1. Got the relative contact order for the range 134-228 handy, in percent, Cα pairs under 8 Å and 6 or more residues apart?
2. Could you give log10 I(q)/I(0) at q = 0.16, 0.24 Å⁻¹ for the range 134-228, computed by the Debye formula over C-alpha point scatterers of equal weight, without solvent?
3. What is the Rg over Rh value, at two decimals, for the chain, using alpha-carbon atoms and the Kirkwood definition of Rh?
4. Among PRO101, THR128, ALA117, whose Cα sits farthest toward the positive end of the charge dipole of the range 100-140 (+1 at Cβ of Lys/Arg, -1 at Cβ of Asp/Glu, about the Cα centre)?
5. Using the Cα centre of the range 159-273 as origin and beta-carbon charges of +1 (Lys, Arg) and -1 (Asp, Glu), tell me which of ALA225, ALA171, LEU242 is placed farthest towards the positive end of the dipole.
6. Considering only C-alpha atoms, what is the centroid distance from the range 151-204 to the range 32-92, in Å?
7. Tell me, what is the percent relative contact order of the chain, built from C-alpha pairs under 8 Å that lie six or more residues apart?
8. Taking R0 as 22 Å, what's the FRET efficiency between ASP151 and LYS193 from their Cβ-Cβ distance, rounded to 0.05?
Amino acid sequence: MKKIIAFLLAAVLMCAAFTGCSGSDKKTEDSGNAAASGKTVADIKAAGKLVIATSPDFPPFEELKADGSVEGIEIDILNMICKELGVELEIQQMDFESVLPGVQAGKFDLGVSGITANEERKKNALFTDPYCLAAQAIVVTESGSIKSKADLKGKAVAVQTGTTAESFCMAEGYKVNSYAANSDAELSLVNGKVDAWVIDDLTAAEMVASYNESHDDKLVILSEAMTTEPYGFATKLGNDELIGEINKILKKLLDDGTIASVFEKFEAPYTKP
Ligand code: ARG
């Protein structure tokens, strides 16, 4: 009897060991997928999906819904692009600061994250033609002391890490507090840790409106237009074929007014580049 129990125990242990092995094999396979880079349009069609990376904390461009899905202007535009290509859209969520390094490393097909296509970034990533223009905005509390950009001199501002807001505020010489998530940058203003929060104007409008709906100490956006931010989608340098194909689709959507109507659907003002 003892022998049978010992045998059964050994069998159970061996099973566990094998299951463990197959588990770790799977992990290696998964991380291998991330190496796919610079895919051609034919590769994407063969895979049946376009894989995009986004930081869904940027309404109305990309926003995480309660059911875990991502919605927004850019998601609508990408769904249209995918329809034209005849592929499915696959969305990978990450912090904004990981999107452009991932694009450079070819970890996904396209970075779609309200990304400003500026000259600095064009050295390391390939951008589509811009599809809209935005600007940086200053958000403050109504009860606070900052009433104009001039009052911000030497003051502390919150921004999202890796954004053009961050580089703009550093160049202006503000004390910059960077947060991985936009909502945390907003929170630091609300909690009085900083004097202002700098963020792209359309997202500022959306987030401020939803904050003000449920709070008494209102947030306000200062009406000082700063910077011009042309938004585009980014891919790995050298992937001109994919960008060329997407540019063709984008041009059609821009020319026939589809892009403008997507902004209208999300009740956002549209500035054509
Ligand atoms: N337009 C700015 C930039 O490119 C901010 C983008 C932030 N996007 C986001 N999904 N959180 O740096």
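1. Values: 171 pairs, mean separation 43.4, N = 95.
For the range 134-228, the relative contact order is 46 percent.
2. Those come out to -0.54, -1.37, one per q.
3. Using Cα coordinates only, the ratio equals 1.11.
4. With unit charges placed on the Cβ atoms, the residue in question is PRO101.
5. Of the candidates, LEU242 comes out farthest on the positive side.
6. Result: 28 Å between the Cα centres.
7. On the way: 471 pairs, mean separation 68.2, N = 273.
This gives 25 percent for the chain.
8. On the way: r = 17 Å, r/R0 = 0.79.
Once rounded, the FRET efficiency stands at 0.80.
Laboratory data are not the source of any read-out in this text; all were calculated from the coordinates shown. Fair warning: this is a prediction, and the values are worked out from it, not measured in the lab. Positions of Cβ are generated from backbone atoms using ideal geometry, with glycine treated the same way; all protein chains shown enter the neighbour counts.
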